[in-house]
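First the structure, in the form of C-alpha cells, and then the observations on it.
What follows is calculated from the coordinates using simple rules that are stated; it is not laboratory data. None of these values were measured; they are calculated from a predicted model. FYI the Cβ positions are ideal-geometry reconstructions off the backbone, even for glycines, and counts take in every protein chain you see.
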Amino acid sequence: MKAISLRLSTLIAALAIGLTQSASASNPIIDWNQIALSTALTTPGTQIYLTYVNLAMYDAVNAIDRRYQQYGPEFHGPGDASKEAAAISAAYQTLLNYFPGQAAALQAQYEAAIAGIPGGQAKASGIAVGQIAAARIVALRTGDGRGANVPYTYPTSPEPGVWIPTPPAFVPPATPWVGQMVPFTMQSASQFLPVNGPPDLGSGQWAREYNEVKLLGAANSSVRTAAQTEIALFWTANPVATYFGAFGQLAIDRHLSLSKSARLLAMLSVAFTDGGIGCFNAKYHFSFWRPVTAIQNGDIDGNPETEADPAWLPLAPTPPHPEFPAAHGCATGAIAKTLENFFGTPNVKFSVNSAATHTTHTYYNVGQLEAEAYWARIYAGFHYRHSLDEGFKLGHRVAKQLNQNFFLPRHTDEH
C-alpha cells in the first residue's frame, strides 16, 4: 500500500510539474523573462536589462496583433506572422546585444525555443519582426546612462544625518548611476523627487522613528516576534529575482494570453525600474544615514531623545546605499498600483517566493503586499517610517503616470 501511495504521489507531482511547464512553454513571454533574469542576475542594474527585454517582446507582439500602443517607434509586421517567434526573437536579440559573452548559452536556448514553432512563412516573418523590435529598443536606449561613471562622495567618519558605508562589509555605494539614467516613462529621473525630505534631526518625529527601528529592527530585539522576523528576512532576498519571478508566475496563474502577458510584464518591468530610477535619484540627492549609523552614533544628532548604542546592529546586513527613500517602498508601490491598474481592482492574488527564507507569501490584495513590504524594512532595521511613506508615494506616482500615458489599448474594448 505504501508503495502504491508513493507511486501515486510521484505521479501527481510529475503531473503538476508538467502542467506548469506546459503553461509557460506555450508562452515565450514568461520563458524569456526568466531567461533574461538568469542571464542578467549577477550584473549591476539587473532590472534594467529585464526591462529592455520585456519592452522588446511587447513591441514585437504588438507589431503583429496591434492590440496595444507600442512603447518604442511604431512599426507594423505581417498580421499572420507568428507572435511566439517574434517574442522569442526579440528577447534573444536584445540579450545577445547586451550579453555577448553569453552568446553560446543564449543561442542554445533560442534554438530550442524557436524549434518548437512550426516552420513556414509565419515563423520567418515573426523572427524578422522580433529582430526589428529588439534593434529599435536597443537604439532607443543607447546613451541612456546605464553603467555611467557617476561620482558620489561621502564622509570618512560619521556626520549627523549623512550616509557612510555600513557594517559588516563597509562596501562603497551601489550603482549611483541608476539615479541619473534616462527613465522609461518619467520626464526625468528627478520628476517625483520627494518634497518632504528626511525629518529634522532635532524633531520629535525623528526621535520616534529612530527609537522605533532601534527597538524593532535590532539583531537581538526582544520585542520583534518570530513571525515579524520571518517577514523581515523574507524581504532580504534579491528584489529583482523575487519580483520578476513573481511577475511570470502571475501571468501563468491568471492564464493570460501572449499579448496580455507581454503587456503585463512590460508594465511591471517599467514600473519597477522607473520606481528604482526615481528612488536612487532621491537617495543620492538626500544622502541620509542608515539606522545602523544613526543608532551607533545617536549622541551626535543633537536630539536628547535619541540615545546612542555603539553595539547596535540590524537584523540583517544593510543594503549599500543611502536610506531615504526606501527602495522597497518605491518598487513595491509602483508594482502594487500597476497591478491594480492592469486588473482593474486592488483584489489581485499575488504570490512571491523568497530565496532568503525558501518560503512563499500569498497576498489577496495589493494593500497586503504593500503593508508587509513596509513593515519588513523596519523589522530588518533598514529604514524609518518616513522613508517608507515617501518611497511608496514615489512608486504610486510612477505607476499613475505610466498607466495614463503608456501601454494603452488601441481599442476601447481592450483591457
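Points worth noting:
- Spread of Cα-to-Cα distances over 10 Å intervals beginning at zero, given as percent, for the stretch 144-289: 9, 25, 35, 23, 7, 1
- By the rule of a C-alpha distance below 17 Å, with chain neighbours fewer than 8 residues away ignored, the aspartates and glutamates paired with K214 are D299, D301, E305, E307, D309, E323.
- Per-residue Cβ neighbour rank within 10 angstrom, fewest leading, S261, S287: S287, S261
- Debye intensity ratio I(q)/I(0), log10, the chain, q values 0.09, 0.10 Å⁻¹ (C-alpha model): -0.58, -0.70
- Pairs from K123/K349; K260/K283; K283/K400; K83/K349; K83/K283 whose Cα-Cα separation, in the structure shown, is over 30 Å: K123/K349; K260/K283; K83/K283
- Counting Lys and Arg as +1 and Asp and Glu as -1 over every other residue whose Cβ lies under 14 Å from the Cβ of W32, the net charge comes to -3.
- Only alpha carbons enter this Debye calculation for the stretch 176-405, each as an equal point scatterer, and the log10 of I(q)/I(0) it gives at q = 0.12, 0.15, 0.16, 0.18 Å⁻¹ is -0.64, -0.98, -1.09, -1.31.
- Residue-wise HN-Hα coupling along the stretch 118-127, computed from phi with Karplus coefficients 6.51, -1.76, 1.60 (Hz; x: Gly, Pro): x, x, x, 5, 4, 5, 4, 5, x, 4
- Scalar couplings 3J(HN,Hα) for the stretch 307-314, obtained by applying the Karplus form with A = 6.51, B = -1.76, C = 1.60 to θ = phi - 60°, are 6, 6, 9, x, 9, 5, 9, x Hz; x denotes Gly and Pro.
- Under DSSP loop assignment and at most 12 Cβ neighbours within 10 Å, longest GluC sites (Glu not before Pro)-free interval of the chain: 75-413
- Sorting F247, F382 by the number of Cβ atoms found within 10 Å of their own Cβ, with the fewest placed first, yields F247, F382.
- Fewest-first ranking of M57, M186, M181, M267, using other Cβ atoms within 10 Å as the exposure measure: M186, M181, M267, M57
- Amide H contacts of Y68 (H built 1.01 Å from N, under 5 Å, at least 5 apart or other chain): R410
- Helical content alone sets the calculated 222 nm signal of the chain at -18500 deg cm²/dmol, taking -39,500 (n - 2.57) per DSSP H segment of four or more residues and averaging over every residue.
- The stretch 174-227 and the stretch 328-373: distance between their alpha carbon centers, rounded to Å: 19 Å
- Simple spin-label estimate for S38 and S190 gives 4.2 nm between the two label positions (7 Å along the Cα-to-Cβ direction from each Cα).
- Projected area averaged over orientations for the stretch 74-225, convex hull of C-alpha atoms, nm²: 15.8 nm²
- For the stretch 299-368, the Rg and Dmax computed from alpha carbons only, in angstrom: 17.8, 50
- Taking a quarter of the surface of the Cα convex hull of the stretch 71-152 gives a mean projected area of 6.6 nm².
- Karplus-derived 3J(HN,Hα), 6.51/-1.76/1.60, for each residue of the stretch 49-66, Hz, glycine and proline x: 5, 5, 5, 3, 5, 5, 5, 5, 5, 4, 5, 5, 5, 7, 6, 9, 8, 6
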